[in-house]
1. Please compute the Cα-Cα pair-distance distribution of chain A with 10 Å bins starting at 0, giving whole percents from short to long.
2. Are there GluC sites (Glu not before Pro) in region A:530-605 that DSSP puts in a loop and that have at most 15 other Cβ atoms within 10 Å, and which ones?
3. Excluding residues on the same chain fewer than 8 positions from A:Lys585, give the lysines whose Cα lies under 30 Å from its Cα.
4. Each residue of region A:522-532 in order: what ³J(HN,Hα) in whole Hz does its phi give by Karplus 6.51 cos²θ - 1.76 cosθ + 1.60, θ = phi - 60°, with x for Gly and Pro?
5. Between the DSSP loop rule and a limit of at most 14 other Cβ atoms within 10 Å, which GluC sites (Glu not before Pro) in region A:348-438 are left?
6. Calculate the FRET efficiency for A:Glu141 and A:Glu41 from the Cβ-Cβ distance with a Förster distance of 35 Å, rounded to the nearest 0.05.
7. What residues of region A:529-560 lie in the reach of a label at A:Arg279, counting those whose backbone N is under 13 Å from a point 7 Å from the Cα along Cα→Cβ?
8. Taking 0.36 nm per residue of separation and subtracting the Cα-Cα distance, what length does fully extending A:Ala407 through A:Leu198 add?
Amino acid sequence: MLITVNGKQKEFDKGANALDIFKELDKEAGKGAIAARLNGELVELMQPLTEDGTLEPIGFEDDGARHVMRHTASHVMASAVKTLFPGAKLAIGPAIDNGFYYDFDMPEPLTPEDLPKIEKEMQRIIKRNHREERFTLPRVEALKLMEEMNEPYKVELINDLPEDEELSFYRQGDFVDLCAGPHLPSTGRIKAFKLTSLAGAYWRGSEKNKMLQRVYGTAFNDKESLEAYLQQIEEAKKRDHRRLGRELDLFDLMEEGPGFPFFYAKGMVLRNILEDYWRKIHRKAGYEEIKTPLILNRELWEQSGHWENYRENMYTLKIDDEDYAIKPMNCPGGILAYKRRLWSYRDLPVRVGELGLVHRHEKSGALHGLMRVRAFTQDDAHLYMTKEQIKDEIMGVYHLTNQVYQAFGFPYKVELSTRPEKSVGTDEMWELSTQALKDALDELKVPYTINEGDGAFYGPKIDFHLQDSLGRSWQCGTLQLDMNLPDRFDMEYVGPDGEKHRPVMIHRTVLGSMERFIGILTEHFGGAFPLWLAPVQARILTITDRANEAARALKEQMEEAGLRVEIDLRNEKIGFKVREAQMMKIPYMLVIGDREAEEGTVSLRSRQGANVNGLSHQELIETMQKEADSRSLSPSWQAEARDK
RNA sequence: GCCAAUAUAGCUCAGCUGGUAGAGCAACGGUUUCGUAAACCGUAGGUCAAGGGUUCGAGUCCCUUUAUUGGCUCCA
């Protein structure tokens with residue numbers, strides 16, 4: 001077979017491996033390689049090759065190669081666990097985004113103290129530099145081997161694999177594992193790793209199955225990169241919204257109300273700014289706003305199907321011996337509002353927004369700061385339209401969502417979820433609405449991934465995902481076509497033919513929930529909100545109490561101009577006051593001492609470190625107003641202005 | 001809900017194998033009036049998450065409950 005490496009070509013016997021080929025054709029190229037690509041396909045360095053092509057060495061900077069190393073690390077870990085705890089049964093152990101894990105069924109549960117022991121044993125295995133030998137077995141032999149080795153989970157896996165295939169295994173020293181690969185040529189090529197946490201995980205991801213123990217770890221090309229990664233995780237924890245919420249006095253959760261967050265004065269300022277902004281752009285986009293009741297009777301929830309299907313997630317109560325529920329969704333109330341009158345096709349589309357407070361009894365283990373709560377305000381809206389209007393409305397919602405995310409500088413991911421197994425509605429309707437979502441996304445040239453079968457039972461949906469400081473992804477915006485409720489509630493409009501027709505309904509949020517969005521926002525900015533969002537935009541700091549009067553006058557002037565200002569007249573040194581304002585991440589610190597008091601100016605210091613002395617009150621106020629009004633993400637006074 | 005861990009002053013944390021609670025910051029009182037990330041001295045502050053048990057004696061050991069954290073499952 002003819003192999004090319006970096007433009008050099010040579011004929012090799014079939015079965016030659018990448019490692020040997022690199023040695024022969026381009027020694028340098030092979031040196032840092034972890035794996036290789038043959039015609040773009042990932043191959044192991046030791047894997048016998050059988051076809052012509054171009055071979056490229058790939059190192060740790062390549063995602064595929066990183067995956068290979070981490071996958072091998074998971075095998076090394078499994079091997080170490082088997083050595084230390086011979087009763088452990090192996091489940092599965094893949095590489096994941098930032099590392100790897102392996103699931104074990106342990107005779108005695110692992111404790112956090114076991115992790116260093118496992119690491120030590122892994123170190124030993126790596127030092128011995130075992131080769132990763134691949135071999136294949138026909139299914140029957142494979143089953144026999146796993147039964148002999150007493151690995152019931154592997155037996156189950158094999159039984160579920162397709163009949164005719166040969167199954168591949170990897171052996172490193174005494175350790176053998178059923179595995180598709182690929183792997184590093186030998187364990188010694190793992191340069192830096194760390195076991196990061198211990199968790200529970202259901203066998204095959206189903207809560208009906210036994211819970212296994214999962215050990216998470218990560219591996220890197222060198223110790224420095226590993227350290228840098230761990231350091232980065234530590235840094236990210238400082239941006240955790242739960243911590244910042246308390247430190248910046250924005251919001252918090254208390255034991256007395258699990259999943260029911262408190263918003264304090266500063267958090268409310270932020271929240272109200274968001275709501276104002278939300279109302280403004282929705283008015284512009286042709287939405288009206290309504291408010292529907294928090295509590296509605298059982299009959300309504302029976303009609304919507306919630307009483308039957310989601311009862312255990314709803315808070316219910318009795319009023320005058322009748323059953324009621326606190327709303328888990330706004331749509332049934334919104335639909336009642338729609339049905340208050342008869343609509344003409346000329347009225348459509350109708351876009352009705354609601355900042356609706358909903359309550360859902362989330363499982364205790366699912367709660368997570370502001371990201372997953374039991375009471376939250378959805379920035380909901382329901383759009384009612386004819387079939388012909390679907391695509392335009394979808395595009396309209398997308399534009400609105402995109403505009404909002406851009407205003408905050410959020411990167412986001414779009415997912416399209418299609419018809420699930422259990423669903424309502426006709427094939428025709430599913431086809432029509434799924435196609436409408438696809439068409440809209442394609443026409444907008446939005447990159448998206450498809451989650452097959454992940455849609456709501458009543459319709460397909462588009463979800464917008466944002467990331468928190470640790471890279472966990474949270475659904476915020478959503479756009480769902482609903483083919484269930486219009487039927488259940490017998491909704492109609494009168495068409496040009498004078499007949500009654502069923503409107504199509506879109507259910508959507510842009511921010512998702514105010515709570516989650518504020519959580520994401522807090523982490524995104526690390527608490528250092530841009531001026532237009534900052535609960536406190538400036539703090540006036542006096543140097544001595546001779547400046548108090550000038551400081552008070554400035555505060556009054558700024559408040560008159562609509563700016564949010566605090567004043568620090570305490571008998572403390574200026575360094576102390578600056579430090580506190582800095583820790584509160586206040587955008588601008590305005591220092592007034594004898595000099596400024598006399599001149600009627602201020603010395604400005606931004607939290608990013610820009611300094612401007614002798615600034616007039618007029619210029620200060622006008623510039624700040626301009627920055628806030630434009631919703632700018634960067635400060636008016638940059639660090640370069642220092643020399644001014 | 002499940003697996004594991006954690007819960008000590010407003011915050012961050014110390015308190016080894018059981019002998020009756022400690023620091024820094026914050027708060028309060030005083031001194032200091034100071035030029036850009038922590039002035040100094042002093043005072044007060046705790047049913048050690050809640051409940052039960054073992055023990056002469058429990059913050060420490062055991063059980064139950066609650067909450068939180070990391071995952072899993074779930075997220076209409």
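1. Bin by bin from 0 Å, the calculated values are 3, 12, 17, 19, 19, 16, 10, 3, 1, 0.
2. Numbers: sites: A:Glu549, A:Glu556, A:Glu559, A:Glu560, A:Glu566, A:Glu572, A:Glu580, A:Glu596, A:Glu598, A:Glu599; in loops: A:Glu572.
Answer by residue number: A:Glu572.
3. A:Lys237, A:Lys238, A:Lys266, A:Lys280, A:Lys413, A:Lys555, A:Lys573, A:Lys577, A:Lys626, A:Lys644
4. 4, 6, 4, 8, x, x, 8, 5, x, 3, 5
5. A:Glu421
6. 0.80
7. none
8. Numbers: separation 209, 0.36 × 209 = 75.24 nm, distance 3.87 nm.
Roughly 71.4 nm would be gained on extension.
Taken together, the values in this text are just the output of simple stated rules run on the coordinates, not laboratory data. Given the structure is predicted, the values throughout are model-derived calculations rather than measurements. Counting neighbours? That spans all protein chains shown, and the Cβs are built from the backbone with ideal geometry, glycine included.
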